[in-house]
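What follows is one structure encoded as structure tokens, with my remarks underneath.
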Amino acid sequence: MSSFVAYVPTNPQHVEAFFELAPLSPADVVYDLGSGDGRLVFAAIDHGTDEAVGVELDGDLVRKATKAAAKKGLGDRARFVQADVADVDLSSASVVFCYLTPQASAALKPKFERELRPGTRVVMESFPIPGWTPAQTTVRGYADYYETNEFYLYVIPSVTT
């Protein structure tokens with residue numbers, strides 16, 4: 001999946017949208033796919049989770065985020081993994097955050113369907129998952145800049161036979 005990614009961080013003024021759509025509890029295990037500088041991982045801990053994992057392809061960003069976690073005293077709660085998101089097992093996640101490309105959103109769909117448990121919440125920034133209907137959406141923007149982003153909340157359904 002590495003050909004789908006470029007480092008474009010979530011605007012700091014948009015971070016809260018993730019947590020409005022997916023409020024966290026201490027029991028949640030949060031994965032941020034394409035975690036960059038770790039801002040969503042750190043925000044997830046600030047919003048109540050005891051465990052957050054950032055998955056990032058860029059080794060320099062992983063090292064910087066890991067160093068920042070240690071400096072913040074979060075080394076046991078915030079973890080960063082240098083890997084392609086396609087290669088990481090997501091089965092322990094209860095919440096997944098993504099701000100990736102439309103191609104990555106489409107490519108991750110079968111992985112999510114295979115690995116995520118019923119009830120897992122997935123929040124996508126800007127690019128919806130093709131073929132899925134969001135449980136909720138929200139738009140974020142701010143007055144001094146033209147950028148607005150849409151956020152999509154999906155909840156993995158229970159499988160019925």
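Placing +1 on each Lys and Arg Cβ and -1 on each Asp and Glu Cβ, with no other charges, gives the chain a dipole about its Cα centre of roughly 200 debye.
Considering only Ser105, Ser126, Ser91, the mean-square fluctuation computed in a Gaussian network model of the chain, springs between alpha carbons under 10 angstrom, is largest for Ser91. The lysines whose alpha-carbon is closer than 27 Å to the alpha-carbon of Lys72, local same-chain residues fewer than 8 away aside, are Lys64. Estimated purely from DSSP H runs of n ≥ 4, each contributing -39500 (n - 2.57), the mean residue ellipticity at 222 nm for the chain is -8000 deg cm²/dmol once divided by its residues.
Only the coordinates and a few stated rules stand behind these numbers; no lab work does. As the structure is a computational prediction, the values presented were derived from the model and not from experiment. Every residue, glycine among them, receives a Cβ derived from its backbone with ideal geometry; neighbour counts consider all protein chains shown.
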